[in-house]
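The values are calculated or read from the model by the stated rules, or taken from the named source; none is laboratory data. Since the model is a prediction, treat every value here as computed from it, not as a measurement. Note: ideal-geometry Cβ built from the backbone for every residue, glycine included; neighbour counts use all protein chains shown. Accessible surface is based on the protein model in full, side chains and every heavy atom, while ligands, DNA and RNA are left aside. Shrake-Rupley method; radii C 1.70, N 1.55, O 1.52, S 1.80 Å.
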Amino acid sequence: MPDSTDRTDVMNLLRTVPLFSNLDDRHLKTLAQAAVDRTYNQGDLIVPQGEKGIGFYLIAEGQVRVEKAGTTVAILGPGQFFGEMALIYGATRSADVRAVGPTRCFVLFPWMFWGAVGEDPEALGVLLRETVRRLRHVEPGPED
Ligand code: CMP
């Protein structure tokens with residue numbers, strides 16, 4: 001009988017995400033058990049610009065559209081994340097994030113996120129590099 005606390009599938013998915021790929025099994029298991037599953041329908045507003053929020057979102061399935069003042073600045077898909085800016089900076093959300101179609105995300109809260117990523121220099125590097133790229137509004141280049 002499947003155990004409802006068995007999050008092996010989530011753990012395996014986290015392992016494929018560059019941000020988390022270096023974490024050891026202990027951290028991956030903690031994250032997998034703590035991550036909150038959320039599903040969204042097409043057009044749902046997941047994160048509203050200007051609102052306070054602390055959740056970090058990892059896209060498991062589907063796509064989201066990142067919009068600033070009605071302009072699309074990015075489309076993100078499985079393995080990519082959003083919500084890191086408010087988490088890092090402690091400010092309001094910098095953009096609207098909407099589900100393009102049916103979408104599933106894992107939501108992590110700061111204490112879980114930092115407990116894992118904060119101990120992994122490789123993960124901090126991935127997070128920093130992607131955040132700076134987003135702030136510079138550069139499209140991913142060939143080296144990305
Ligand atoms: P946050 O500000 O917490 O909430 C909105 C999110 O949209 C933000 O974190 C980023 O994850 C994401 N975001 C903002 N600007 C960009 C961008 N230029 N490219 C990709 N994602 C972005």
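Here are a few things to note about the model shown:
- Residues that are more than 8 Å from the ligand (Cβ to nearest atom), in contact with a strand residue (DSSP E or B) (Cβ under 9 Å, 6 or more places away or on another chain) and charged (D, E, K, R), drawn from segment 119-138: 130
- Being free of Cβ contacts under 8 Å to residues at least 24 places away in the same chain and among the hydrophobic types (A, V, I, L, M, F, W, C) is not true of residue 31.
- Between 62, 90, the distinction of being closer than 26 Å to residue 133 by Cα, open to solvent by less than 30 Å² (accessible area, probe 1.4 Å), more than 9 Å from the ligand (Cβ to nearest atom) and out of contact with any Leu (no Cβ under 9 Å at 6 or more places or on another chain) belongs to 62 only.
- Members of segment 73-110 that are hydroxyl-bearing (Ser, Thr, Tyr) and over 22 Å from residue 39 (Cβ atoms): 89, 92, 94
- Taken over segment 94-106, the residue count meeting the criterion of being open to solvent by less than 20 Å² (accessible area, probe 1.4 Å) and either more than 7 Å from the ligand (Cβ to nearest atom) or over 18 Å from residue 43 (Cα atoms) (or both) is 5.
- Test: residue in segment 114-124 that is open to solvent by less than 70 Å² (accessible area, probe 1.4 Å) and without any contact (Cβ under 8 Å) to a residue 12 or more places away in the chain: yes
- Among the criteria (1) closer than 12 Å to residue 106 by Cβ; (2) open to solvent by 30 Å² or more (accessible area, probe 1.4 Å); (3) of a type in the set (Val, Ile, Thr), the one residue 30 does not fulfil is (1).
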